[in-house]
């Protein structure tokens, strides 16, 4: 039975909290173990599992990497059936820019391959900086409108309308709109299966 406080929790926070707690319990990990593997503080993990906070996209990526699942697995309320048709009401906004941009997660596949499908809208001057994902992650960005300034490690390129960039997601990277017009991008992220322990990379 839920309490009034539980019912007042933001829907995404509630779903993410329940899913993280379930995945952690299924692996018999302590809070400290998940914190160590993901690089997210124990205090933040406690807040997430309690549904008291809407974690940032960077935090969700770190936790998903640690479990070896997609971000979609953390934000979807239930496992999808074999055939599922999503619409705008089902898409989850996981990033909002200062000028109205947004990142929407259309969906993801966890087994046997790990794939996420996103839409990024960057208004002029907006930027999203992403940490490195699990080793072997690759991203494919197709620009629908505008120009995307893409920084991967020390390399910076401009991807124009109709162009597609394929790049490694296991190094720090950033998406930026330096133009005076909106930039809209469809992004596919592929990840190797398996859990990821950030402690092993340092």
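Each peptide in 22-30, 117-125 gets a packing score, the mean of other Cβ atoms within 10 Å over its residues, and the list from highest to lowest is 117-125, 22-30.
Under 1.5 on a/c is rounded, so check that first for region 88-191, then, if it is not, pick prolate when a/b is larger than b/c and oblate when it is not; a ≥ b ≥ c are the square roots of the alpha carbon gyration tensor eigenvalues. Oblate. For the modelled label position 7 Å from the Cα of residue 158 along Cα-to-Cβ, which residues of region 118-148 have backbone nitrogen atoms closer than 11 Å? Taking a point 7 Å out along Cα→Cβ of residue 158, the residues of region 118-148 whose backbone N falls under 11 Å are 147-148. Comparing mean-square fluctuations of 93, 157, 16 from a GNM of the chain with C-alpha springs under 10 Å, the top value falls on 157. Each label point was placed 7 Å from the Cα along the Cα-to-Cβ direction; for residue 85 and residue 178 their separation is 4.3 nm.
Label separation (residue 171 vs residue 131): 1.9 nm, computed from points 7 Å beyond Cα along the C-beta direction. Listed from fewest to most Cβ neighbours within 10 Å, the set 75, 45 follows the order 75, 45.
When only alpha carbons of region 4-78 are considered, Rg and Dmax amount to 11.2, 33 Å. Against the set (i) 17.1, 53; (ii) 16.3, 49; (iii) 19.2, 61, the structure's computed Rg and Dmax of the Cα atoms in Å falls on (i). Relative to the longest principal axis of the C-alpha atoms of the chain, give the angle of the C-alpha long axis of helix 57-67, reported between 0 and 90° and rounded to the nearest 10°. Roughly 60 degrees between the two axes. Where a ≥ b ≥ c are the square roots of the eigenvalues of the C-alpha gyration tensor, would you call region 85-135 rounded, which needs a/c under 1.5, or, failing that, prolate if a/b is larger than b/c, or oblate? It is oblate, given that a/c is not under 1.5 and a/b is not larger than b/c. Against the main long axis of the alpha-carbon atoms of the chain, helix 11-27 sits at an angle near 60°. Summarising the label geometry, the points placed 7 Å from Cα in the beta-carbon direction at residue 145 and residue 31 lie 4.5 nm from one another. Here the extension length gained between residue 200 and residue 99 equals 32.6 nm, from 0.36 nm per residue of separation less the Cα-Cα distance.
Just so you know, all these numbers are worked out from the coordinates, no wet-lab data involved. Please read all numbers here as calculations on a predicted model, not as lab measurements. Counting neighbours? That spans all protein chains shown, and the Cβs are built from the backbone with ideal geometry, glycine included.
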